[in-house]
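The values are calculated or read from the model by the stated rules, or taken from the named source; none is laboratory data. Just so it is clear, the model here is predicted, and its values are computed rather than measured. Note that each Cβ is placed from the backbone with ideal geometry, even for glycine, and that neighbours are counted across all protein chains shown. Accessible surface areas use protein heavy atoms only, side chains included; no ligands, DNA or RNA. Shrake-Rupley method; radii C 1.70, N 1.55, O 1.52, S 1.80 Å.
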Amino acid sequence: MALRLSNPLNFKIPGSYELHHRLRRAALWACLLGSPFFLGLIAGWVFGIRVNLTPSLPLGFYITSHSSNANLVEFCPQGKAAYVSLIRQYRTAGACPDGGAPLLKPGVAFPGDDVEVSANGIRVNGQLLPNSAGRFRDHLQRPLDPWPYGTYKVERGTVWVVSSFNSYSFDSRYYGPIPNSAIRHHLRPLWTFATEALEQ
């Protein structure tokens with residue numbers, strides 16, 4: 001005698017065809033919902049668009065450029081700067097050799113320029129950059145070592161990067177000039193939001 005399983009609530013048990021159909025529909029919805037993310041990745045690779053969500057620059061979209069006016073540089077920090085920025089989560093995960101994301105900063109001093117580092121901040125050819133003084137503690141009160149005070153001539157193949165937008169920016173005020181070999185791209189603003197600079 002065959003054993004019959006009762007189903008008093010009349011639950012519908014999907015067959016293999018119906019289950020396959022539901023899985024296909026779920027996969028379709030997943031693709032539709034994830035398409036903006038993948039389109040953003042494609043736009044980044046194909047059109048060179050970058051999204052800045054860090055406080056070092058105004059929030060918004062930036063685009064790679066070969067123009068001489070594109071003074072923003074996307075670079076992978078090296079040495080101690082790379083380690084500190086990654087371990088303290090100044091950077092998220094990304095495409096740099098150490099597994100962190102590149103930094104995006106304005107280039108402010110180039111070969112032949114004079115850079116003076118002091119307690120007041122960084123001067124380039126005599127002009128003081130706003131919000132450029134190095135701090136001895138970061139925003140979470142962890143110790144920082146500003147670049148040694150003094151006057152420097154920018155050497156060939158290097159550039160100083162300093163964000164005047166944010167007085168807490170982790171830039172050349174702590175690790176000095178960066179080599180051109182660390183630069184991945186030059187960028188310019190594409191569409192940014194009105195955000196206020198952080199004062200000292």
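Points worth noting:
- Neighbour net charge for TYR152 - beta-carbon separation under 11 angstrom, K R +1, D E -1: -2
- Heavy-atom accessible surface of the stretch 110-200: percent carbon and sulfur, 1.4 Å: 54
- Distant-in-sequence amide H partners of THR192 (H built 1.01 Å from N, under 5 Å): PHE61
- Electrostatic bookkeeping for TYR83 treats Lys and Arg as +1 and Asp and Glu as -1; over the other residues with beta carbon under 15 Å from its beta carbon, the sum is +1.
- Under 10 Å, Cβ to Cβ, from VAL124 - net charge with Lys/Arg +1 and Asp/Glu -1: -2
- Taking the average, over residues, of other Cβ atoms within 10 Å as the packing measure, peptides 167-180, 71-84 rank 167-180, 71-84 from highest down.
- Taken as Cα centroids, the stretch 112-162 and the stretch 57-79 sit 19 Å apart, rounded to the nearest whole angstrom.
- When the stretch 76-200 is described by a simple charge dipole with +1 on each Lys and Arg Cβ and -1 on each Asp and Glu Cβ, the residue from SER164, ILE122, PRO189 located farthest towards its positive end is PRO189.
- Protein heavy-atom accessible surface, 1.4 Å probe, per residue over the stretch 99-165: 51 Å².
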